[in-house]
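Heads up, the thing below is written out as structure tokens.
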Amino acid sequence: MHDAASIIAAKRDGRELSGAEIDWVVESFTRGVVADEQMSALAMAIYFRGMTRAEVSCWTTAMISSGRRMDFTHLGRPTVDKHSTGGVGDKITLPLAPLVAACGAAVPQLSGRGLGHTGGTLDKLESIPGWRADLDTTEMVEILSDRAVGAVVCAAGADLAPADRRLYALRDVTGTVESIPLIASSIMSKKIAEGTGALVLDVKVGSGAFMKKFDDARELAQTMVDLGNDAGVATTALLTAMDAPLGRTAGNALEVRESLDVLAGGGPSDVVELTLVLAREMLNAAGIDGIDPADKLRDGSAMDHWRKMIGAQGGDPEAPLPQARHTEVLVSESDGVVCGLDAMAVGVAAWRLGAGRTRQGDSVQAGAGVEWHAKPGQEVSAGTPLATLHTDTPEQFAAAKAALTDAWTISEGAASANQSLVIERIDIPSG
């Protein structure tokens with residue numbers, strides 16, 4: 001017979017928990033037998049003591065078993081999804097999902113909302129008039145079954161890994177969010193329960209990422225690759241740079257507009273690069289050969305799938321996107337070359353302007369955010385515009401500008417060559 005106090009003490013003292021203990025505590029927590037304060041204590045013990053690969057695998061399986069598991073095997077096409085750990089200006093899901101669908105895969109993409117300095121995919125898409133994030137399983141299947149659409153981006157249902165949903169709420173208020181085993185389990189329990197056949201992980205590392213240090217990002221990526229492959233989901237991970245923000249915008253409607261530029265065959269080079277890298281990785285994971293996603297951007301196929309995907313979820317792809325009522329331009333005070341642009345500073349500024357939220361449930365401004373005009377490698381002169389700030393609440397301009405005080409590093413000298421966004425690829429389970 002198990003009890004919560006003994007399991008908490010065992011992990012506190014560094015003992016590896018058995019599969020039976022993990023199954024019991026997660027199932028009992030889901031039913032309310034294990035109290036919130038007990039699960040919080042266990043999360044803190046895990047934060048300090050960590051978990052073995054076997055423990056993380058059992059914990060993730062228990063989280064999946066707390067709810068339902070979706071199944072898309074009847075679609076007759078390979079399914080593949082992408083998950084990003086989040087960054088500033090990371091709008092990649094928006095052009096990527098319809099692009100991969102245009103190449104012949106079905107893309108069931110469960111996404112989330114932003115919190116703090118990192119934007120949320122659902123917040124961005126909700127700036128499109130009429131678009132709905134909440135779909136039931138029947139609607140998801142109908143959209144994915146239509147080969148002219150083939151992609152859906154929506155919120156996870158309440159019955160998908162409900163134990164993780166409850167645990168995350170506790171971690172958020174008890175200082176245990178940063179536990180790598182719990183992060184990996186939280187992400188992968190939902191992705192495995194989602195029912196996708198293959199998964200590509202975009203693990204960000206750098207100043208604007210959740211993981212600031214390379215070793216931590218690599219450990220998280222490897223843990224998630226292990227969990228996915230152990231569960232029978234072909235999983236690979238790319239470690240990608242997030243010291244500078246992606247593209248030219250951070251905000252909701254601003255990032256949708258930029259994504260449309262990419263789908264139209266243009267857009268910022270770094271967003272196009274990462275979109276194509278991830279698309280090729282997803283097609284490889286899905287076993288689809290002989291198709292170059294770059295062709296689907298050029299011939300308009302990806303844009304066609306975007307319009308149908310947005311329309312299938314109630315949105316009007318032709319409607320004008322919201323614009324902020326107030327803007328303010330920041331200019332350079334010196335001549336030189338932009339050597340750095342701090343992603344965290346940009347993310348905080350966008351958040352302060354109204355693009356993000358402080359607590360779950362807060363509203364966001366559709367048109368708010370930061371549009372930067374000078375990126376690393378560009379030459380600027382005194383008076384050159386560095387960024388335009390967008391908001392409906394102009395009293396926030398001062399706070400946003402304070403966040404951006406040292407965001408641009410400008411030095412004398414020649415521009416350096418742009419480095420690849422992809423730092424490392426992980427596709428082999430450990431052990």
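Applying the Karplus relation 6.51 cos²θ - 1.76 cosθ + 1.60 with θ = phi - 60° to the stretch 271-280 yields 3J(HN,Hα) values of 5, 4, 4, 6, 4, 6, 4, 5, 4, 5 Hz, where x marks Gly and Pro. Taking the inverse of the mean reciprocal distance over all distinct Cα pairs, the Kirkwood hydrodynamic radius of the stretch 211-260 comes to 13.2 Å. At q = 0.09, 0.11, 0.13, 0.22 Å⁻¹, what is the base-10 log of I(q)/I(0) for the stretch 1-134 according to the Debye formula with one equal point scatterer per Cα and no solvent? Please give it to two decimals. Results for the stretch 1-134 at q = 0.09, 0.11, 0.13, 0.22 Å⁻¹ read -0.43, -0.62, -0.80, -1.18. Farthest toward the positive end of the dipole of the chain, out of Ser6, Val346, Phe48, is the Cα of Ser6, where the dipole comes from beta carbon charges about the Cα centre. Each residue of the stretch 381-396 was assigned a 3J(HN,Hα) from its phi angle through the Karplus curve 6.51 cos²θ - 1.76 cosθ + 1.60 (θ = phi - 60°); the sequence is 10, 4, x, 5, x, 9, 7, 10, 9, 10, 6, 8, 10, x, 5, 8 Hz, with glycine and proline shown as x.
Would you please calculate the Kirkwood hydrodynamic radius of the stretch 162-225 over all C-alpha pairs and express it in Å, rounded to one decimal? Please report the intermediate quantities before stating the final value.
Values: mean 1/r = 0.0791 Å⁻¹.
For the stretch 162-225, inverting the mean 1/r across all distinct Cα pairs yields 12.6 Å.
Principal-axis analysis of the Cα atoms of the chain puts helix 162-174 at an angle of about 70° to the longest axis. Could you give log10 I(q)/I(0) at q = 0.06, 0.12 Å⁻¹ for the chain, computed by the Debye formula over C-alpha point scatterers of equal weight, without solvent? Ignoring solvent entirely, the Cα scatterers give -0.25, -1.00. Taking the centroid of alpha carbons for each part, the stretch 353-367 and the stretch 18-97 are 26 Å apart.
Largest GNM mean-square fluctuation among Leu260, Leu125, Leu353, using the chain with Cα springs under 10 Å: Leu260. What whole number of Å gives the distance from the Cα centroid of the stretch 284-325 to the Cα centroid of the stretch 122-168? Cα centroid of the stretch 122-168 versus Cα centroid of the stretch 284-325: 16 Å apart.
In the elastic network of the chain, a GNM with C-alpha springs shorter than 10 Å, the most mobile of Ile92, Ile128, Ile291 is Ile291. For the stretch 104-235, the spread of Cα positions along the three principal axes, ordered from largest to smallest, is 41, 33, 28 Å.
Going by alpha carbons, how many degrees (0 to 90, nearest 10) lie between the helix axis of 180-194 and the longest principal axis of the chain? Tilt relative to the chain: about 90 degrees.
With the cut-off at 17 Å, report for the stretch 299-363 the share of all Cα pairs above it, as a whole percent.
Values: 1431 of 2080 pairs.
Percentage above 17 Å: 69.
Ignoring lysines fewer than eight residues from Lys308 along the same chain, the ones with Cα atoms less than 25 angstrom from its Cα are Lys82, Lys91, Lys124, Lys191, Lys296.
When Rg and Dmax are taken over the Cα atoms of the stretch 267-335, they come to 17.7, 52 Å.
Could you list the residues of the stretch 107-151 with an amide nitrogen less than 15 Å from a label point located 7 Å from the Cα of Ala319 in the Cα-to-C-beta direction? Inside the label zone: 123-134. When the alpha carbon coordinates of the stretch 366-408 are projected onto the principal axes, the ranges are 32, 20, 16 Å, largest first.
Normalised Debye scattering of the stretch 39-111 at q = 0.21 Å⁻¹ gives log10 I(q)/I(0) of -1.01, counting only Cα atoms as equal scatterers and leaving out solvent. Subtracting the Cα-Cα distance of His326 and Asp134 from 0.36 nm times their residue separation leaves 66.0 nm of extension gain. Across all directions, the average flat footprint of the convex hull enclosing the Cα atoms of the stretch 1-72 is 5.1 nm².
Every number in this text was worked out from the coordinates using simple rules, so none of it is lab data. Everything numeric in this text was worked out from a predicted model, so none of it was measured. Methodologically, a virtual Cβ is constructed for each residue, glycine included, from the backbone with ideal geometry; neighbour enumeration extends over all protein chains shown.
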